[in-house]
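Below is one structure, written out as structure tokens; the observations come after it.
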Amino acid sequence: FRSGLVGLDSNFTILDSDDQVRLIKQIMELQNIDTKKSPPKAVADIISSWKDKGKTPNDVQENEVSDFANGKTLQLYATYQQRLKMLNACDFGDLLLHIITIIKNPAHATVLEDYHRRFKYILVDEYQDTNVAQYLWLRLLAKGSNNICCVGDDDQSIYGWRGAEVDNILRFEKDFPGAVTVKLEENYRSTGHILSAANGVIAHNSDRLGKELFTQAGEGEKVSLRGLWDGAAEARWIGEEIESLQLKKISLNQMAVLVRTGFQMREFEERFIQLGLPYRVIGGPRFYERKEIRDALAYLRVIAQSQDDLALERIINTPKRGLGDATLQKLYAHARAKSISLYQSIIDLTQTDELKPKVKSTLMKLYDDFERWKSLSSTIHHAELAATVLDESGYNEMWKQDKSPDSPGRLENLKELVSAMDEFESLAEFLEHIALVLENQNNNSGEFITLMTLHAAKGLEYDVVFLPGWEDGLFPSQRSMDENGIKGVEEERRLAYVGITRARK
């Protein structure tokens with residue numbers, strides 16, 4: 001970089017993800033691409049995925065370009081890279097991509113030679129989680145001496161959705177002929193029956209180097225398998241098991257519930273609160289603290305109580321309705337002057353000429369929507385009402401259009417919220433329950449059961465592990481199987497392997 005080999009001088013700036021999205025949005029607007037239909041964040045994710053594969057705009061093939069953003073994602077990538085050079089900036093993907101570009105170029109052979117002189121030995125940890133760009137970079141660096149040692153477990157490669165390539169570790173011996181492979185098969189964490197279960201699951205994968213874990217710790221307890229009717233039954237059974245283990249003096253800190261996807265947590269959180277079992281969620285917010293759940297609850301709170309200014313403020317421009325801070329300030333100023341609610345302020349100001357016609361029309365539509373939903377609340381079930389509101393407000397559609405990796409999970413969480421409402425007599429009772437749940441979540445001392453996704457559990461260990469929801473379509477994930485076929489199934493098995501081997505006893 002300092003030598004300016006990729007067009008940057010030594011004072012270059014590294015953009016964070018927010019800056020990256022803002023810059024891409026500017027470029028899209030200049031090219032008249034609708035940023036609502038094609039969110040800039042999604043374009044940024046596509047560009048990042050190409051960079052993870054070590055591809056500059058010149059390396060991307062036409063068949064890798066989808067119809068998204070009017071089919072112009074490759075053109076946007078090229079323009080984005082030009083703009084970065086003009087700004088003397090790069091993003092995190094460039095830090096590796098530029099280095100690969102430099103050291104692959106025969107014109108800059110002395111740069112690679114210099115690194116070969118500097119680095120005689122290379123050690124890489126967690127090699128199964130490397131992406132293509134990291135793989136290319138390491139191969140080029142190791143070319144000088146071939147002294148490279150990689151530590152990793154192909155059976156624990158579970159980040160394919162983040163760009164990790166399990167093939168990197170599988171072809172290591174081919175890439176480096178004469179390499180010595182040392183299998184570390186003795187496991188110091190789990191008992192024999194746990195390892196047998198894990199070995200039995202992963203043995204069905206064909207894309208693996210192959211190993212058989214063993215332990216000196218004895219056979220231990222057999223793995224327990226329970227067939228239960230649904231998620232609620234699982235939560236009840238696991239709650240009872242936890243209470244029974246407590247009586248045997250097993251600490252809550254040594255127990256974990258590992259789920260495949262975030263929406264499964266809701267029933268466990270509810271059950272633990274009912275039983276008075278303290279818990280903590282690792283790797284993300286608790287169910288009712290998630291952004292999409294808070295937004296959905298805000299809509300329902302306004303329907304139940306139109307004077308709830310905080311709830312209305314949260315969703316007045318979610319999804320985007322073209323209502324900016326200036327509009328909100330006018331509404332609040334009027335509300336304060338008249339000692340009325342924000343909702344009443346909307347009613348008042350839409351009867352005057354103080355607001356621009358477009359803003360006035362938008363607020364009138366929002367008001368009409370809420371009035372219609374209030375009327376519906378007395379004629380249909382509150383769960384059906386919630387589903388209607390999420391559809392008619394455009395909130396579900398907002399997440400369907402969002403191309404970020406977490407948007408499908410957000411939609412699943414919203415479905416789970418609607419499902420949860422079936423258990424309550426009325427909307428008011430449900431909202432009262434939520435207030436109590438959120439109040440219960442403020443205790444931060446003492447022992448806790450751990451609740452998290454299988455992905456977040458990698459590297460952790462507990463005496464007792466519960467693995468709910470092992471059913472076709474949920475785990476293994478239907479989306480993973482649909483999008484990646486056999487490779488998707490194999491990654492799901494690796495995730496199962498990781499889950500089982502988190503347990504010590």
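The values are calculated or read from the model by the stated rules, or taken from the named source; none is laboratory data. From a predicted model like this one, the values you see are computed outputs, not experimental measurements. All Cβ positions, glycine included, derive from the backbone under ideal geometry; neighbour counts span all protein chains shown. Heavy atoms of the whole protein, side chains included, go into the accessibility calculation; ligands, DNA and RNA do not. Shrake-Rupley method; radii C 1.70, N 1.55, O 1.52, S 1.80 Å.
Table for the structure above
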quantity	calculated
Label-reachable residues, region 32-59, where backbone N falls under 13 Å from a point 7 Å from Asn70's Cα toward its Cβ	32-38
Global geometry of region 115-168, whether rounded, prolate or oblate, following the gyration tensor of its Cα atoms and the 1.5 cut on a/c	prolate
Cα gyration tensor category, rounded, prolate or oblate, for region 140-229 with a/c compared to 1.5	prolate
Ellipticity estimate at 222 nm from DSSP helix runs (n ≥ 4, -39,500 (n - 2.57)) divided over the chain, nearest 500	-15500 deg cm²/dmol
Nonlocal amide H pairs with Ala89, under 5 Å, H built at 1.01 Å	Thr13
Lys, Arg +1 and Asp, Glu -1 on Cβ, resulting dipole of the chain about Cα centre, debye, nearest 20	1480 debye
Potential extension, Tyr188-Glu243 segment - 0.36 nm per residue separation minus Cα distance	17.0 nm
Heavy-atom surface of the chain, accessible at 1.4 Å and reported per residue (Å²)	52 Å²
Amide proton proximity set for Phe466, modelled H, under 5 Å, gap of 5+	Ala256, Val257, Leu258
Packing-based order for 316-323, 406-413, using average beta carbon neighbours within 10 Å, highest first	406-413, 316-323
Chain lengthening between Glu425 and Asp368 when straightened (0.36 nm per residue, less Cα-Cα)	17.9 nm
Per-selection Rg to Rh, region 406-505 - Cα, Kirkwood hydrodynamic radius	1.05
For peptides 229-236, 356-363, sequence by mean Cβ density within 10 Å, most packed first	229-236, 356-363
Farthest toward positive dipole pole in region 293-451 [+1 Lys/Arg, -1 Asp/Glu at C-beta], among Leu349, Tyr395, Ile293	Leu349
Sequence ranges 125-136, 207-218, 268-279, ranked by mean other-Cβ count within 10 angstrom, highest first	125-136, 268-279, 207-218
Set Lys36/Lys85; Lys36/Lys320; Lys37/Lys400 screened for pairs whose C-alpha atoms are more than 19 Å apart	Lys36/Lys85
Three-way shape label, the chain, alpha-carbon gyration tensor, a/c 1.5	oblate
Residues Asp463 and Asp325, FRET efficiency given R0 of 60 Å [Cβ-Cβ distance, rounded to 0.05]	0.70
